[in-house]
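Each reported figure results from applying straightforward, stated rules to the coordinates on display, with no laboratory input. Owing to the predicted nature of the structure, the values given are computational and were not obtained by experimental measurement. Counting neighbours? That spans all protein chains shown, and the Cβs are built from the backbone with ideal geometry, glycine included.
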2 protein chains.
Amino acid sequence: MTEPAYVAVDWGTSSFRLWLIDRAGKVLAERRSDEGMLAAAKAGFAGVLQSHLTAVEAPAQLPVLVCGMAGAKTGWVEAGYVDTPAPLSAVLKQAALVPGETRDIRILPGIAQRDTRAPDVMRGEETQLLGAVAADAPRTLVVLPGTHSKWARVEHGMVLDFTTFMTGEMYDALLGHTILGRLPAGAPAVDGTAAFSRGVLRGLGAGGFTHDVFGARTLMLMGELPAGDVPEWLSGFVIGREIRNARTWAQHAGDDASRVLVVGSDALAKRYLTALEVSEIAATPGPVDAAAAGLFRIALAAGKLRHHA
Amino acid sequence: MTEPAYVAVDWGTSSFRLWLIDRAGKVLAERRSDEGMLAAAKAGFAGVLQSHLTAVEAPAQLPVLVCGMAGAKTGWVEAGYVDTPAPLSAVLKQAALVPGETRDIRILPGIAQRDTRAPDVMRGEETQLLGAVAADAPRTLVVLPGTHSKWARVEHGMVLDFTTFMTGEMYDALLGHTILGRLPAGAPAVDGTAAFSRGVLRGLGAGGFTHDVFGARTLMLMGELPAGDVPEWLSGFVIGREIRNARTWAQHAGDDASRVLVVGSDALAKRYLTALEVSEIAATPGPVDAAAAGLFRIALAAGKLRHHA
């Protein structure tokens with residue numbers, strides 16, 4: 001086994017992932033837990049991190065590179081934001097060193113986009129973008145599906161601009177806390193795949209969101225959608241509407257939005273691949289563990305920086 | 001005191017209202033409770049109604065006219081829907097007689113609008129529309145703010161068409177069950193009125209809903225909106241977006257949407273009056289207790305119908 005060179009951590013709102021990595025970028029060990037920012041803020045960030053470092057037997061001097069919500073105002077150490085267009089070097093320069101630790105622990109900043117109407121922010125996704133898109137790749141349109149989906153345009157390792165959609169959280173809130181989720185108990189799913197596609201098509205249409213989404217209820221009331229298929233229709237609808245609005249956004253920015261890279265390998269990413277097919281947009285699945293790959297690229301560059309320091 | 005002529009009931013999802021009314025439409029007694037459809041479905045509709053009839057000392061032969069969710073599939077007796085364009089006479093003809101009761105209890109149907117994409121439905125609001133707009137009034141654009149806001153075009157006592165927006169329920173779900181409502185404890189409101197208007201203006205803009213609403217968080221993160229003012233901004237946003245989409249809908253239907261009648265007299269209706277002013281739409285407050293007035297008109301007509309029966 002090769003020597004570990006550093007530790008990479010993706011510390012999200014509700015999840016924690018850690019990789020022990022060697023100098024060549026090879027993952028030697030991995031840890032996953034649900035000790036995200038919200039849990040760690042109570043338990044103590046240093047203690048949570050140390051327990052995982054101990055579990056993978058990380059040497060005492062090994063540096064740690066953290067991306068994600070640990071750098072938020074309500075996280076461990078606030079790491080601020082880098083403004084778009086944001087090159088890799090700017091993200092590195094603004095990394096926050098955690099004070100009072102014997103180990104070198106650095107938390108990466110997020111990226112902010114100023115806008116005349118309202119700013120937009122990402123924190124953690126920038127690292128996935130760096131891992132998913134090669135440093136010399138030409139302009140690429142990327143989607144990172146999730147609680148707060150991000151669409152970004154990346155070129156030569158630089159995040160040009162991006163936009164956020166609260167798609168996953170909207171789905172959960174609508175299904176869990178509105179009339180759309182009050183379905184007859186035990187209603188069987190009849191054809192979830194068809195319902196999902198119908199929802200996507202409805203999402204791609206031009207109506208108002210809070211009107212169109214009410215279709216989840218009215219279609220059921222009128223016997224046009226089986227009650228058990230409502231969740232699939234709703235999932236298709238929120239994703240379809242995201243695609244519609246992201247396409248408009250990309251086209252405003254000068255991209256024809258005819259192809260997109262989907263970063264993620266979970267069930268949600270698969271839903272996006274299906275929805276993009278319905279939308280007639282060519283979609284390519286991105287690499288697995290894009291965050292780990294991005295942190296590797298940053299660690300490589302950070303090593304160089306430290307060498308010159 | 002004049003003789004009571006009939007009992008009018010507006011039986012919503014979560015509220016119950018009853019009026020004892022004389023032949024001239026004068027309200028002799030009133031009852032309000034939170035025994036809406038959801039509560040009454042458990043307690044028993046007949047028992048809930050009887051307890052209020054007893055409380056107002058309603059004579060045993062007095063007929064009862066009910067509008068609202070008591071006529072839903074999951075209500076007391078299913079009363080179905082009348083299709084738009086829906087004249088008063090059609091609503092009357094399809095009223096469902098509650099079986100097995102010594103008293104004449106009739107539940108009014110809702111109104112459904114068939115659409116090539118998804119149908120739309122109302123149940124209870126049709127009675128408010130009848131009470132708010134005179135039978136001989138020319139074409140009128142009406143909004144009924146609420147959990148599920150309705151915009152309708154009414155002409156000569158006929159509901160031409162309508163559209164629903166899940167505005168109130170969306171606000172509750174976003175503030176109560178998403179990151180937008182995770183605000184620092186005890187953050188004081190600084191200028192709620194200004195935040196509401198800013199939210200309305202954002203809502204009137206052209207972006208995607210699940211993107212634009214994320215502004216409630218990013219504006220706060222960037223110090224551009226006090227945390228304590230986020231709820232007011234969010235309220236303004238969802239109402240502003242409703243107005244934007246309802247205006248588009250009305251204009252498609254051939255209405256210039258330059259003026260609208262706001263049915264309701266509560267705090268929510270006042271918000272709509274403010275938001276409509278920001279939107280430069282002339283708004284007129286509708287009558288108080290439009291449902292009672294609508295039930296009176298129906299009872300008058302029903303009396304005639306019964307005479308001929």
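Quick one: 3J(HN,Hα) in Hz for segment A:58-71, Karplus 6.51/-1.76/1.60 with θ = phi - 60°, rounded, Gly and Pro as x.
Working through the residues one at a time gives 6, x, 4, 8, 5, x, 10, 10, 10, 10, x, 5, 4, x Hz.
How far is residue A:26 from the same spot in each other copy, in nm, shortest first, if each label point sits 7 Å from Cα toward Cβ?
Output for residue A:26: 9.5 nm, nearest copy listed first.
Just to be sure I understand: of the beta bridges DSSP finds with both ends in segment B:1-93, what percent are antiparallel, rounded to 5?
70 percent
If each DSSP helix of 4+ residues adds -39,500 (n - 2.57) and the sum is divided by the residues in chain B, what number results at 222 nm, nearest 500 deg cm²/dmol?
-12000 deg cm²/dmol
Suppose you put the label 7 Å out from Cα in the Cβ direction; list, shortest first and in nm with one decimal, how far residue A:190 is from each other copy's label.
So the label point of residue A:190 gives 5.3 nm to the other copies.
Using the 2.2 N^0.38 Å rule of thumb for compact globular proteins, work out how chain A stacks up: its C-alpha Rg over that value, please. Each step should come with its number before you reach the end.
Numbers: Rg = 20.9 Å, N = 309, 2.2 N^0.38 = 19.4 Å.
With N residues counted in chain A, Rg over 2.2 N^0.38 Å equals 1.08.
Could you give the angle, 0 to 90 degrees to the nearest 10, between helix A:167-177's Cα long axis and the longest principal axis of the Cα atoms of chain A?
In chain A, helix A:167-177 runs at an angle near 60 degrees to the longest axis.
Looking at A:222, A:171, A:294, which one has the Cα that reaches farthest to the positive end of the dipole of segment A:150-309 (charges on Cβ: Lys, Arg +1; Asp, Glu -1)?
A:294
At most 15 other Cβ atoms within 10 Å and a DSSP loop assignment: could you name the trypsin sites (Lys or Arg not before Pro) in segment B:99-185 that fit? Provide the component values of the computation, followed by the final result.
Values: sites: B:103, B:106, B:114, B:117, B:123, B:139, B:150, B:153, B:182; in loops: B:103, B:114, B:117, B:123, B:139, B:182.
Those that pass, being in a loop and sparsely packed, are B:114, B:117, B:139, B:182.
Restrict the search to segment B:17-64; then list the trypsin sites (Lys or Arg not before Pro) that DSSP places in a loop and that have at most 16 other Cβ atoms within 10 Å of their Cβ. Present the calculation step by step, with values, prior to reporting the outcome.
On the way: sites: B:17, B:23, B:26, B:31, B:32, B:42; in loops: B:23, B:26.
Sparse-neighbourhood loop trypsin sites (Lys or Arg not before Pro): B:23, B:26.
For segment A:32-89, report the % of Cα-Cα distances exceeding 13 Å. Don't jump to the answer; show the numbers that get you there.
Working: 1116 of 1653 pairs.
Counting pairs separated by more than 13 Å, the tail of P(r) holds 68 percent.
How many percent of all Cα-Cα pairs in segment B:4-123 sit more than 19 Å apart?
Cα-Cα pairs of segment B:4-123 separated by over 19 Å account for 47 percent.
Over the alpha-carbon set of segment B:93-143, divide Rg by the Kirkwood Rh and report the Rg/Rh ratio to two decimals.
Working: Rg = 14.6 Å, Rh = 13.5 Å.
Ratio value, two decimals: 1.08.
Against the longest principal axis of chain B, how steep is helix B:290-308, in degrees 0 to 90 to the nearest 10, with axes from Cα atoms?
Its long axis makes an angle of about 30 degrees.
Mind putting together the pair-distance distribution for the protein assembly as shown? All Cα pairs, 10 Å bins, whole percent per bin, short to long.
That works out to 3, 15, 22, 22, 16, 10, 7, 3, 1, 0, in percent per bin.
When every alpha-carbon pair in segment A:167-285 is counted, what percent end up more than 17 Å apart?
55 percent
From the label point of residue B:222, set 7 Å along Cα to the beta carbon, how far off in nm is each other copy's matching point, shortest first?
Result, one decimal in nm: 4.1.
Could you state the angle between the C-alpha long axis of helix B:192-204 and the longest principal axis of the C-alpha atoms of chain B, as a value from 0 to 90 degrees rounded to the nearest 10?
Long axis of B:192-204 versus the principal axis of chain B: about 90 degrees.
In chain A, what percentage of the DSSP-assigned beta bridges are antiparallel, given to the nearest 5?
Antiparallel bridges make up about 65 percent of those DSSP assigns within chain A.
Sorted from fewest to most neighbouring beta carbons within 10 Å, what does the list B:122, A:166 look like?
The fewest-first ordering by Cβ neighbours comes to B:122, A:166.
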